[in-house]
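The values are calculated or read from the model by the stated rules, or taken from the named source; none is laboratory data. The structure presented is a predicted model; accordingly, all values stated were derived computationally and were not measured. Note that we place each Cβ from the backbone using ideal geometry, even for glycine, and neighbour counts take in every protein chain shown.
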Amino acid sequence: MRVGDLEVNRLGFGAMRVLGTPDIWGPPKDPANARKVLRRAYELGANFFDTAESYGPHTNETVIAEAMHPYPKDLVIATKCGLVRPKPSRWDEDARPEKLRTDLEGSLKRLKLDCLHLWQLHAPDPRVPLEESLGVMADAQRAGKVRHIGVSNFSVKELARARKVAKIVSVQNRYSLDDRNEEDVLAHCEKLGIAFLPWYPLGAGRAVRASKIKRVAKRLGAAPAQVAIAWLLAKSPVMLPIPGTSSLAHLEENMAAAKIQLSREDLAELD
Ligand SMILES: NC(=O)c1ccc[n+]([C@@H]2O[C@H](COP(=O)([O-])OP(=O)(O)OC[C@H]3O[C@@H](n4cnc5c(N)ncnc54)[C@H](OP(=O)(O)O)[C@@H]3O)[C@@H](O)[C@H]2O)c1
């Protein structure tokens, strides 16, 4: 599938979880394992990694560079800007132009890139007109520091406003089998032909405990997480799931979901 002009495999990787810390705070709990998981994700076919300057903050981008730089040509790294972390429990919006400019320079440096592959606004900041935030991102693109621009946690209306300021190639919103509030945004992305990145594709782990998923998984001899991911892949051609894990065993399991074909009956049961 395509993200802008970049060709990526259907199943990506949510790099946030490699930190292995409950609040996504501080350095990786086990740095060698974090690097191993990232390298293995790529080997298994995930050539789209999702991260953010706020993961850690900063440490998630740093560990990606440590594990993967110099980057394979086909690896796409998507990072995000516009949040601030005053303490572990807080994820506050800050999409003021000056904050985004600082985020950009920091992400370029930590990721060791001259041009970010995909730069996403993490969330609209209610105190800043989104045209202003997106304007800074469009300027960065014109300056050659950003190849593509995406948004996250955006409504259909906000997406329409953003598209007047910049070319948007992806939307990243919370979505999974048992969490479908964002279906209108997904439908809109399909209509526009832009990538939809569901965050919490496994419901942050809840999906593996859902009874209908467990039932279908048992019948197919698959793991529940695989069924949850296969359902997302079958749901829409613009869907680019980014399941996250710090476990090599879970990673192997999740990446193998790309090969699972759900039948019409399986899909009906899951719906
Ligand atoms: N844009 C946003 O606002 C936003 C918000 C949150 C996340 N994100 C992005 O979305 C990505 C995905 O979200 P997520 O990682 O929070 O949630 P997720 O992919 O829905 O679930 C990850 C959780 O599920 C567990 N898990 C993973 N594979 C499993 C398996 N095969 N069996 C059992 N448990 C499994 C993981 O634990 P183990 O580590 O033990 O495997 C982890 O706790 C993140 O990595 C991040 O890049 C974006």
I'm checking my understanding of the structure. Among residues of region 63-85 that are in contact with a helix residue (DSSP H, G or I) (Cβ under 8 Å, 6 or more places away or on another chain) and within 22 Å of PHE196 (Cβ to Cβ), which one is surrounded by the most Cβ atoms within 10 Å (Cβ to Cβ)? THR79
Lone unmet requirement of (1) free of Cβ contacts under 8 Å to residues at least 12 places away in the same chain; (2) in a helix (DSSP H, G or I) for HIS188: (1)
Could you grab me the full set of residues in region 205-223 that are of a type in the set (Gly, Ala, Ser) and within 11 Å of the ligand (Cβ to nearest atom)? GLY205, ALA207, ALA217, ALA222, ALA223
Of the conditions (1) on the phi > 0 side of the Ramachandran plot; (2) more than 11 Å from the ligand (Cβ to nearest atom); (3) at pLDDT below 95, the single one that GLY144 does not satisfy is (3)
The condition from (1) outside any loop (DSSP other than H, G, I, E, B); (2) more than 18 Å from ARG10 (Cα to Cα) that ASN181 misses is numbered (1)
Looking only at region 112-122, and only at residues there that are within 16 Å of the ligand (Cβ to nearest atom) and either crowded, with 22+ Cβ neighbours inside 10 Å or without any contact (Cβ under 8 Å) to a residue 40 or more places away in the chain (or both), the one that is farthest from the chain's Cα centre (by Cα): LEU116
The residue that is surrounded by the most Cβ atoms within 10 Å (Cβ to Cβ), considering only those in region 192-213 that are on the phi < 0 side of the Ramachandran plot and among the small types (Gly, Ala, Ser), is ALA195
Counting only residues that are among the basic types (Lys, Arg) and more than 18 Å from ARG2 (Cβ to Cβ), which one in region 155-168 is farthest from the chain's Cα centre (by Cα)? LYS164
Is it the case that some residue within region 3-16 is small (Gly, Ala, Ser), more than 16 Å from TRP199 (Cβ to Cβ), more than 9 Å from the ligand (Cβ to nearest atom) and in contact (Cβ under 8 Å) with a residue 60 or more places away in the chain? yes
Buried (at least 22 other Cβ atoms within 10 Å of the Cβ), away from the ligand (no atom under 12 Å from the Cβ), in contact (Cβ under 8 Å) with a residue 40 or more places away in the chain and within 30 Å of PRO28 (Cβ to Cβ), is that true of ALA258? no
Filter region 86-98 down to the residues that are surrounded by fewer than 20 Cβ atoms within 10 Å (Cβ to Cβ) and within 16 Å of the ligand (Cβ to nearest atom) and list them by number. PRO88, SER89, ARG90, TRP91, ASP92, GLU93
Within region 131-154, is there a residue that is surrounded by fewer than 18 Cβ atoms within 10 Å (Cβ to Cβ) and under 18 Å from the mean Cα position of the chain (by Cα)? no
Picking from VAL128, VAL169, the residue that is outside any helix (DSSP H, G or I) and within 16 Å of the ligand (Cβ to nearest atom) would be VAL169
Scope region 18-43; condition closer than 25 Å to VAL146 by Cβ and within 12 Å of the ligand (Cβ to nearest atom); matching residues: VAL18, LEU19, ILE24, LEU38, ALA41
Looking at ASN47, ASN33, ASN60 in this structure, which one is without any contact (Cβ under 8 Å) to a residue 40 or more places away in the chain and not β-branched (Val, Ile, Thr)? ASN47
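Residues checked against (1) within 15 Å of the ligand (Cβ to nearest atom); (2) without any contact (Cβ under 8 Å) to a residue 12 or more places away in the chain:
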{"residue": "GLU183", "(1), (2)": "no, yes"}
{"residue": "TYR200", "(1), (2)": "yes, no"}
{"residue": "ALA225", "(1), (2)": "yes, no"}
{"residue": "LEU232", "(1), (2)": "yes, no"}
{"residue": "PRO237", "(1), (2)": "no, no"}
{"residue": "LEU240", "(1), (2)": "yes, no"}
